[in-house]
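The values are calculated or read from the model by the stated rules, or taken from the named source; none is laboratory data. Just so it is clear, the model here is predicted, and its values are computed rather than measured. Cβ atoms come from the backbone with ideal geometry, glycine included; neighbour counts cover every protein chain shown.
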Amino acid sequence: MMAERLLPCFKGFATLAIVGLIGVLPLFMGRFYVVLVTEMIIWGLFALSFNLIYGYTGMLSFGQSIFFGIGAYFLVYGARWGLPLPMNLFLLTLAAGILGVGVGTAVIRVRGAKFFLVTLVGAILFHLIALDNRWLTGGDDGFIVSAAYLGIRNNFYLVYGVSLVVGLTIAGLVRSRLGLAFRMIRDDQKRAELLGYWTDGFKVLSFSLGGAIAGLAGGLYGYTSGFVSADYFHWSHSANAVIWTVLGGSGTVAGPFIGAALLTWLREGLSALWGKVYPVVVGILLIVLVVGLPEGIVGMFQGVAEKLKGSFFEER
Amino acid sequence: MGLIAQVPFGLINGLVWGAVLGLISSGLNVIFGLLGIVNVAHGSFYMLGAFLAWFISNHLGIFWPALLIVPLATGLLGLVVEFALKPVERNTTLTVLGTFGVMLGLQGASLLIWGGTPKRLAPPLSAGFSVFGAGYSWYRIIVAVISILILLSLWYCLERTKFGLKLRAVKENPELSVAVGVPVTLIYTLGFGLGTSLAGLSGALVAPMVSITPEMGVRIFAIVFLVVIVGGLGRLWNSVLAAIGFSVIRGLLTIFIDPTGALIITFALVLGVVFLGPRLFRSLEG
């Protein structure tokens, strides 16, 4: 009984402590590291958007880069039209969400391996179109974001605050009845249909929410780097979101952030030493993960916690 | 080059590339279409085949042995990969992720070993002929012929031999296959190896026709998957037809618009077929 109550309590405190610690980090760290941590958080947010679609609703989408790019380009054009930043971020999130309804409605018609492939080809198509229409996107050369920069530290707190709000919202959402419906579709779509749930509607909703968050991540990334190009649409971003989520633990809120932070840090660390080795390391890591630890880092800890709980009960 | 010359040229080139694409996708057709393993790394075996062919012919000074050595090497590597991923191969999502890891690993390793500068290999046959004034290499014609010959022997292997029968049986009915004594696990491994050796062979064949880079695998794998899906999983000739259709349409479009635009339209068309395909075919059947 004790253990059952203590564990969530402990988890809550630990999460609070880590989140709080990250919040005060920029007061002590150098500029380079503040930017690095900002980047980690944005990638974590981006991975979270994928996780909502894959980890909670069971759709292996490689289309997240579409929304990442759309969000970034809406930021560029919003800034040109003189929209204030909060308004701009809100509108680009909305736009990505609306696009998500459209794309989602199209892609949920196919399942399994075909779903993966169709979303991937969709992402490739968007990238090619962005490359081909320089008047609209600037192609490879891209555009400078014409919004006033807040400064490194303030930008960090903007990203941190937005991600905290989104993260908490998602954490609440997946524990709500809606999240339960998502997970039911993930685990057994036929049963959900038989119980009378409008599974297509829920899937589109999940896809669109994921798209909106990916768009927000794209907007934040564009704002942070001050530069947006067609490369934002490249499907390798989708692939990264997949890898980060699987490493951290799919179907958890903390997992994508942990995975993104670890691999971003690893990439930075390896670039200094032997950057060319990074893709090989990630490739091997992915194979080992899939075979040996499909539930990811957070899932592994959850497993350990469950075992601890079990042993407590046995002693009684 | 006038339009009169460009259209037949585009047509011939599209047909040649279609035959090659058909050969690559025939490998994936065995792995994905027959065995149901979503091998995202298929394009990387093709890339590896091209690099190995370049490496071998540079060392031996002669190209042709590569066509024998490369499929053996990529086939063996395929056996290893399938063995490593055996625990997850029935789970689509995990297979996608695992083979995606293989793709990253192979691409990264090629970049590490051979570097990112594009490699070029002189065609082993420099003779050519003229298509309405435009030169065309005989080697490409030979590649198309070899591709079709191999496709024919693959068809024979799948439809007329015991091995092919077992290969088709394990997906159709795994329980029954085990019951009648088909070594299912071994068949999966061998089928995967057959598929990757075909991918490697295609890579070796085209090595003298393209600039060889570590990215060439990533660039082709989505196309190969589309071709296999459009052709209908497990149907060899349909996927070959789809491959030829894809290449010819793309080749002919390139005459009128820029290559990126041509690729966009071709992708969009194929995507449309994937979405509407089942309904389209059903309405055609009545």
### Listing of helices (runs of 4 or more DSSP H) fully contained in the stretch A:145-210 that carry 3 or more residues being within 30 Å of A:F32 (Cα to Cα)
A:152-175
### Task
Those residues that are surrounded by fewer than 21 Cβ atoms within 10 Å (Cβ to Cβ), in contact (Cβ under 8 Å) with a residue 24 or more places away in the chain and at the interface with chain A (Cβ under 7 Å from one of its Cβ atoms), I need them from the stretch B:84-107; list them, please.
B:T92
### Task
Examine the stretch A:133-140 for a residue that is of a type in the set (K, R), closer than 16 Å to A:F227 by Cβ and either at the interface with chain B (Cβ under 10 Å from one of its Cβ atoms) or touching a helix residue (DSSP H, G or I) at 6+ places or on another chain (Cβ under 9 Å) (or both), and state whether such a residue exists.
yes
### Task
Considering every residue within the stretch B:110-123, establish whether at least one is buried (at least 16 other Cβ atoms within 10 Å of the Cβ) and either under 18 Å from B:N29 (Cβ atoms) or small (G, A, S) (or both).
yes
### Task
Output the number of residues of the stretch A:214-249 satisfying the condition of being of a type in the set (V, I, T), within 15 Å of A:P279 (Cβ to Cβ) and in contact with a Gly (Cβ under 9 Å, 6 or more places away or on another chain).
1
### Query
Can you tell me which residue in the stretch B:1-32 is surrounded by the fewest Cβ atoms within 10 Å (Cβ to Cβ), limited to those that are farther than 20 Å from B:F256 by Cα and small (G, A, S)?
B:A19
### Message
If I ask for residues that are within 12 Å of chain B (Cβ to nearest Cβ) and either surrounded by fewer than 21 Cβ atoms within 10 Å (Cβ to Cβ) or of a type in the set (G, A, S) (or both), which ones from the stretch A:226-240 would you list?
### Response
A:A230, A:H234, A:S236, A:S238, A:A239
### Task
Only one of these is away from every other protein chain (no Cβ under 14 Å), within 20 Å of the chain's Cα centre (by Cα) and either basic (K, R) or crowded, with 18+ Cβ neighbours inside 10 Å (or both): A:G97, A:G63. Name it.
A:G97
### Task
Kindly provide the set of residues from the stretch A:266-301 that are over 24 Å from B:V81 (Cα atoms) and either outside any helix (DSSP H, G or I) or within 14 Å of chain B (Cβ to nearest Cβ) (or both), ordered by number.
A:L266, A:R267, A:L270, A:S271, A:L273, A:W274, A:G275, A:G299
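How about the stretch B:154-181: which of its residues are among the aromatic types (F, W, Y) and free of Cβ contacts under 8 Å to residues at least 12 places away in the same chain?
The first filter runs over the stretch B:154-181 and keeps only residues among the aromatic types (F, W, Y), leaving B:155-156, B:163.
Of everything in the stretch B:154-181, just one residue is among the aromatic types (F, W, Y) and free of Cβ contacts under 8 Å to residues at least 12 places away in the same chain, namely B:Y156.
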### Task
Check off (1) buried (at least 20 other Cβ atoms within 10 Å of the Cβ); (2) more than 22 Å from A:F115 (Cβ to Cβ) for A:G210 and give me the number that stays unchecked.
(2)
#### Entry: Filter result (more than 14 Å from chain A (Cβ to nearest Cβ) and surrounded by fewer than 21 Cβ atoms within 10 Å (Cβ to Cβ)) within the stretch B:188-235
B:T189, B:L190, B:M209, B:V210, B:S211, B:R235
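For the condition surrounded by 23 or more Cβ atoms within 10 Å (Cβ to Cβ), away from chain A (no Cβ under 14 Å) and over 30 Å from A:L60 (Cα atoms), what is the one hit in B:S147, B:S137?
Working: B:S137 fails: surrounded by 23 or more Cβ atoms within 10 Å (Cβ to Cβ).
Within the list B:S147, B:S137, the selection yields B:S147.
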#### Entry: Condition met for A:R80 (within 14 Å of chain B (Cβ to nearest Cβ) and either surrounded by fewer than 15 Cβ atoms within 10 Å (Cβ to Cβ) or among the basic types (K, R) (or both))
no
### Query
How do the pairs read when you match residues in the stretch A:242-265 that are in contact (Cβ under 8 Å) with a residue 40 or more places away in the chain and more than 14 Å from every other protein chain (Cβ to nearest Cβ) with residues anywhere that are crowded, with 24+ Cβ neighbours inside 10 Å and of a type in the set (S, T, Y), using Cβ under 6 Å and keeping only pairs 6 or more apart or on different chains?
A:P256/A:T245
#### Entry: Boolean, A:I42 is touching a Leu at 6+ places or on another chain (Cβ under 8 Å) and touching a residue at least 40 places away in the same chain (Cβ under 8 Å)
yes
### Query
Among the candidates A:G71, A:G44, which residue alone is closer than 30 Å to A:R177 by Cβ, among the small types (G, A, S), buried (at least 23 other Cβ atoms within 10 Å of the Cβ) and more than 11 Å from the chain's Cα centre (by Cα)?
A:G71
### Query
Would you pick out the residues in the stretch B:33-83 that are surrounded by fewer than 18 Cβ atoms within 10 Å (Cβ to Cβ), within 14 Å of another protein chain (Cβ to nearest Cβ) and not aromatic (F, W, Y)?
B:V80
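If a residue must be within 28 Å of A:G12 (Cβ to Cβ) and either within 20 Å of the chain's Cα centre (by Cα) or β-branched (V, I, T) (or both), how many such residues does the stretch A:186-204 contain?
To start, the set of residues in the stretch A:186-204 that are within 28 Å of A:G12 (Cβ to Cβ) comprises A:186-187.
Okay, now just the ones that are also either within 20 Å of the chain's Cα centre (by Cα) or β-branched (V, I, T) (or both), so A:186.
Qualifying residue count for the region: 1.
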### Task
Determine which member of the set A:F207, A:F301, A:F257, A:F233 is modelled with pLDDT of 95 or more and over 14 Å from the mean Cα position of the chain (by Cα).
A:F233
### Task
Can you tell me which residue within the stretch B:150-181, out of those that are within 21 Å of the chain's Cα centre (by Cα) and small (G, A, S), is surrounded by the most Cβ atoms within 10 Å (Cβ to Cβ)?
B:G164
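Inspect the stretch A:302-312 for any residue being hydroxyl-bearing (S, T, Y) and within 14 Å of chain B (Cβ to nearest Cβ) and give the result as yes or no. It would help to see each step written out before you state the result.
Within the stretch A:302-312, the first condition is being hydroxyl-bearing (S, T, Y), and the residues that meet it are A:311.
Now restrict to residues that are within 14 Å of chain B (Cβ to nearest Cβ): none.
No, because not a single residue in the stretch A:302-312 is hydroxyl-bearing (S, T, Y) and within 14 Å of chain B (Cβ to nearest Cβ).
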### Message
Looking at the stretch B:66-74, can you tell me whether even one residue there is in contact with a Pro (Cβ under 6 Å, 6 or more places away or on another chain) and not acidic (D, E)?
### Response
no
